[in-house]
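Student: Just passing along the structure, written as structure tokens.
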Amino acid sequence: MVKRFPQILSCKPKKTLLPKLDFFQSAGISQEEITDLFTRAPLLFRLNARDKLVPSFNYLKGMFRSNSETVVAMKRISLNAGNLRLNFKMLEHNTQLLRDAGVPQSNIDKLWGHSPRVLAVDSDKFLEIVEGVKAMGFNPKKVKFLLAVKAFTALSKDTWLKKIEAYKKCGFSEVEILEAFVKCPWCMMVSTEKIEALVDFLFNKMGFEKSVFLKRPLLFSYSLEKRVVPRCLVYQILVAKGLTKSRLGTLLDVSEKRFLKDYIECHKGEASELLKVYKEKRALVQ
């Protein structure tokens, strides 16, 4: 806490700290939650309790069903640049723009709980983004719609064009790239370096057809070192021993629990080295 906010050492306990602690206690926040909140977001101590902290908490409380959810949202906002010094009228206006576009309230609540800074964009620009995402064919009732909105709020125009160029250099057309983005907005959130590294490994070294990118753009959101490479090594062993008919894409998509069960544990007898190979490769990046 002191490392994040060294000014806390010069705070006056009764004037600066106590009013904030008293407010949260009176609001029904548990001691454990209060401690966690200020430990994770010590910059909250800088806010005036009456003018900033209380109105911010009450506003967020109106968005959520419980104190716990409100505290989580406050932590997420506080951990971002801005530290609750956000224009709540703008946030409310942008929230209404999403409602008007047809986004379900349940999805809006999730956005507030996990990525509230997405809404901290100039309202004219935010409306332009929402309308643009809708024009691309995203369904406002699906979570992907908000993921696309998040991508456009996070990426500048120059950065977006650099990502497009990175995919083009790998042999994809702009039409193919946009089709992949509609399927998985996250494919434009990865770095250009990761795009190039994944293309080199999956298509050049593993022999993937590039059409797989259009079918499974989610592949580009996976960690190359922790997921893609270790699982591909396991896949090569299974294929060499004739132990699997699964496609590599399927093997990369499944959860860690299912991967271990279906592709390693069930082959202990025929390929006892699988777990060792897999763990060793993952251990290199731990």
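Student: If I ask for residues that are over 14 Å from residue 254 (Cα atoms) and aliphatic (A, V, I, L, M), which ones from the stretch 212-233 would you list?
Tutor: 212, 214, 224, 229, 233
Student: Being free of Cβ contacts under 8 Å to residues at least 40 places away in the same chain, surrounded by fewer than 16 Cβ atoms within 10 Å (Cβ to Cβ) and more than 19 Å from the chain's Cα centre (by Cα) is the requirement here; does residue 137 meet it?
Tutor: Numbers: free of Cβ contacts under 8 Å to residues at least 40 places away in the same chain: no; surrounded by fewer than 16 Cβ atoms within 10 Å (Cβ to Cβ): yes; more than 19 Å from the chain's Cα centre (by Cα): yes.
No: the conditions fail for residue 137.
Student: For the stretch 1-29, what are the residues that are outside any helix (DSSP H, G or I), more than 19 Å from residue 77 (Cβ to Cβ) and either at pLDDT below 85 or outside the structural domain of residue 53 (by the TED database) (or both)? Show your work before the answer.
Tutor: Pass one, the stretch 1-29, residues outside any helix (DSSP H, G or I): 1-5, 11-12, 27-29.
Subset that is more than 19 Å from residue 77 (Cβ to Cβ): 2-3, 11-12, 28.
Within the stretch 1-29, 2, 3, 11, 12 meet the criteria.
Student: Just a yes or no: is a residue in the stretch 219-241 surrounded by 14 or more Cβ atoms within 10 Å (Cβ to Cβ), in contact (Cβ under 8 Å) with a residue 40 or more places away in the chain, among the charged types (D, E, K, R) and in contact with a Lys or Arg (Cβ under 7 Å, 6 or more places away or on another chain)?
Tutor: Yes.
Student: So, one more: Would you please name the residue that is nearest to residue 72 (Cα to Cα), looking only at residues in the stretch 106-127 that are hydrophobic (A, V, I, L, M, F, W, C) and assigned to a helix (DSSP H, G or I)?
Tutor: Within the stretch 106-127, the first condition is being hydrophobic (A, V, I, L, M, F, W, C), and the residues that meet it are 108, 111-112, 118-121, 126-127.
Filter once more, keeping what is assigned to a helix (DSSP H, G or I): 108, 111-112, 118-119, 126-127.
On the way: 108: 15, 111: 12, 112: 10, 118: 16, 119: 16, 126: 24, 127: 27 Å.
In this case the residue turns out to be 112.
Student: Something else: With 246, 211, 272 as the choices, which residue is exposed (fewer than 12 other Cβ atoms within 10 Å of the Cβ), small (Gly, Ala, Ser) and not assigned by the TED database to the domain that holds residue 187? Spell out the reasoning first.
Tutor: On the way: 246 fails: exposed (fewer than 12 other Cβ atoms within 10 Å of the Cβ); 211 fails: not assigned by the TED database to the domain that holds residue 187.
That would be 272, the only listed residue that is exposed (fewer than 12 other Cβ atoms within 10 Å of the Cβ), small (Gly, Ala, Ser) and not assigned by the TED database to the domain that holds residue 187.
Student: For the stretch 16-60, which positions are over 20 Å from residue 89 (Cα atoms) and among the charged types (D, E, K, R)?
Tutor: Selection gives 20, 22, 32, 33, 36, 40, 46.
Student: Return the residues of the stretch 234-253 that are closer than 14 Å to residue 270 by Cβ and part of a loop (DSSP other than H, G, I, E, B); say none if nothing qualifies. Write out each step before concluding.
Tutor: Of the stretch 234-253, the ones closer than 14 Å to residue 270 by Cβ are 234, 237-244.
Matches in the stretch 234-253: 241, 242, 243, 244.
Student: Follow-up question, since we're still on this one. What's the total number of residues in the stretch 254-265 that are assigned to a helix (DSSP H, G or I) and loosely packed, with under 15 Cβ neighbours inside 10 Å? Give the steps one after another, and end with the answer.
Tutor: To start, the set of residues in the stretch 254-265 that are assigned to a helix (DSSP H, G or I) comprises 256-265.
Right, trim to loosely packed, with under 15 Cβ neighbours inside 10 Å and you get 256-258, 261, 265.
So the answer is 5.
Student: Mind listing whichever residues of the stretch 30-49 are modelled with pLDDT of 75 or more and farther than 17 Å from residue 68 by Cα?
Tutor: Within the stretch 30-49, 48, 49 meet the criteria.
The values are calculated or read from the model by the stated rules, or taken from the named source; none is laboratory data. It should be emphasised that the depicted structure is a prediction, and the values quoted were computed from it without experimental measurement. FYI the Cβ positions are ideal-geometry reconstructions off the backbone, even for glycines, and counts take in every protein chain you see.
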